[in-house]
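All remarks here apply to the structure that follows.
Values quoted throughout were computed directly from the atomic coordinates according to the rules given, and no laboratory measurement underlies them. These numbers were taken from a predicted model, which means no experiment stands behind them. We place every Cβ from the backbone using ideal geometry, glycine too, and count neighbours over all the protein chains shown.
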Amino acid sequence: MARRARNTIAVAHGPPGPAAGMPPIVLLTDFGARDVFVGVLKGVIAGIAPGAAVIDLTHEVPPQDVRAAAIHLWMAYRFFPPRTVFVAVVDPGVGTRRRILAAETAGGVFVAPDNGLLTRVLRESLPRRVVSVDARRHGLPSVSATFHGRDVFAPVAARLAGGLAVAELGPAVRDWVELPFAVPVLTARGASGGVLLVDRFGNAMTDIPGGWARPGDGVLVRGRRVAEVVTAYGDVPRGRAAAVVSSAGTLEIAVGGGSAARRLGLKAGMPVTLFRNRP
């Protein structure tokens, strides 16, 4: 008796997802989207850790602006799983004797040039271990003098995501470079601080903690009153300036339907004062 052929159903499988238990790799660079550089970083990572999820944090940091990169990284890292591997490549000193750091903290593992890019992260999430990466041992077989993102940062990140311990990357470091970020000061009459970053909307994010501000408080920039604290963007009349608590938890100056940077001439580093309008 002939056997009846069993019906089979072909199941189409998409590309494999992230490997279970493997932390994501987050990229932050000043490479932009026009050139091939970001794609090449991802290609190197895919060749070493094909199961890793790769997330683009931003590639639009102003060219060689290490200070802006430090702020972007600090704003974002806390919203990722604690074992995330962050790769930050804003590196004007590429090819010189500057070190490449790998830092392990409670908030993730960070790979970055030793140029101050990790300043705000390491002040907030104290490092358990910081090492100087041995590029010859852990980079690609041939390391160029102009593209360490491809030749060192990407392979190191892929190996970290695959389980390599930070301690195995190189000797311990205790004297990493820090940028001179000022610390905001709370006073009896309000607070003093400065503009940290201007975003693409023209909003000026300051370093003054939002918890120090109350609705109705005034904001001075370079001694000139420019805004009053309100609760939300929707409370800012069109064309008028006001201050709100930003998504990063700090005070931010905005213009309803416009750009505070253009309207008020705001730039990173400008001094900002918060003052009480009432007790």
| Given Cα pairs under 8 Å that are at least 6 residues apart, what percent is the relative contact order of the chain? | 14
| field | Likely footprinting exposure, H148, H138, fewest C-beta neighbours within 10 Å first | value | H138, H148
| task | Can you find, among Q64, T273, F37, the residue farthest towards the positive end of the dipole of the chain? Put +1 on the C-beta of Lys and Arg, -1 on that of Asp and Glu. | result | T273
| request: Determine, from the Cβ-Cβ distance of S144 and L220 and an R0 of 35 Å, the FRET efficiency 1/(1 + (r/R0)^6), rounded to the nearest 0.05. | output: 0.10
| said: Over 36 Å apart: what share of the alpha carbon pairs of the chain falls there, rounded to a whole percent? | reply: 29
| field | DSSP-defined beta bridges in the chain - what % are antiparallel, rounded to 5 | value | 75
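I48 to R200: FRET efficiency via 1/(1 + (r/R0)^6), r the Cβ-Cβ distance, R0 45 Å, to the nearest 0.05?
In this case the efficiency is close to 0.85.
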| request: Return the long-range amide H neighbours of S246 (sequence gap of 5 or more, or a different chain), with a cut-off of under 5 Å between placed amide H atoms. | output: L251, E252
| request: Give the share of C-alpha pairs in each 5 angstrom bin for the stretch 128-224, from 0 to the last occupied bin, in whole percents, shortest bins first. | output: 2, 10, 14, 13, 10, 7, 10, 12, 9, 8, 3, 1, 0
| query | Given charges of +1 on the Cβ of Lys and Arg and -1 on the Cβ of Asp and Glu, with all other atoms neutral, how large is the dipole of the stretch 133-279 about its Cα centre, in debye to the nearest 20? | reply | 620
| task | May I ask you to derive the FRET efficiency for T96 and R262 from their Cβ-Cβ distance with R0 = 30 Å, giving the value to the nearest 0.05? | result | 0.25
| request: Tabulate in residue order the Karplus-calculated ³J(HN,Hα) for the stretch 78-86, using 6.51 cos²θ - 1.76 cosθ + 1.60 with θ = phi - 60°, rounded to whole Hz; enter x for Gly and Pro. | output: 5, 9, 10, x, x, 9, 4, 9, 9
| query | How large is the dipole of the chain about the Cα centre if only Lys and Arg carry +1 and Asp and Glu carry -1, each at its Cβ, rounded to the nearest 20 debye? | reply | 440
| task | Classify the stretch 25-169 as rounded, prolate or oblate from the Cα gyration tensor: take a ≥ b ≥ c as the square roots of its eigenvalues, call it rounded if a/c is under 1.5, otherwise prolate when a/b beats b/c and oblate if not. | result | rounded
| said: Projecting each Cα onto the charge dipole of the chain (Lys/Arg +1, Asp/Glu -1 at the beta carbon, about the Cα centre), which of I55, F153, A165 comes out farthest on the positive side? | reply: I55
| note | Assertion target for Y233, Y77, ordered by fewest C-beta neighbours within 10 angstrom first, is Y233, Y77
| task | Could you please rank F31, F110, placing first whichever residue has the fewest other Cβ atoms within 10 Å of its Cβ? | result | F31, F110
| Residue-wise HN-Hα coupling along the stretch 248-257, computed from phi with Karplus coefficients 6.51, -1.76, 1.60 (Hz; x: Gly, Pro) | 8, x, 10, 5, 9, 9, 9, 10, x, x
| Going by alpha carbons, how many degrees (0 to 90, nearest 10) lie between the helix axis of 37-48 and the longest principal axis of the chain? | 40
| request: Starting from the Cα-Cα distance between Q64 and R276, subtract it from 0.36 nm times their residue separation and give me the gain in nm to one decimal. | output: 72.5 nm
| query | Could you give the distance between the Cα centres of the stretch 64-99 and the stretch 109-129, to the whole Å? | reply | 8
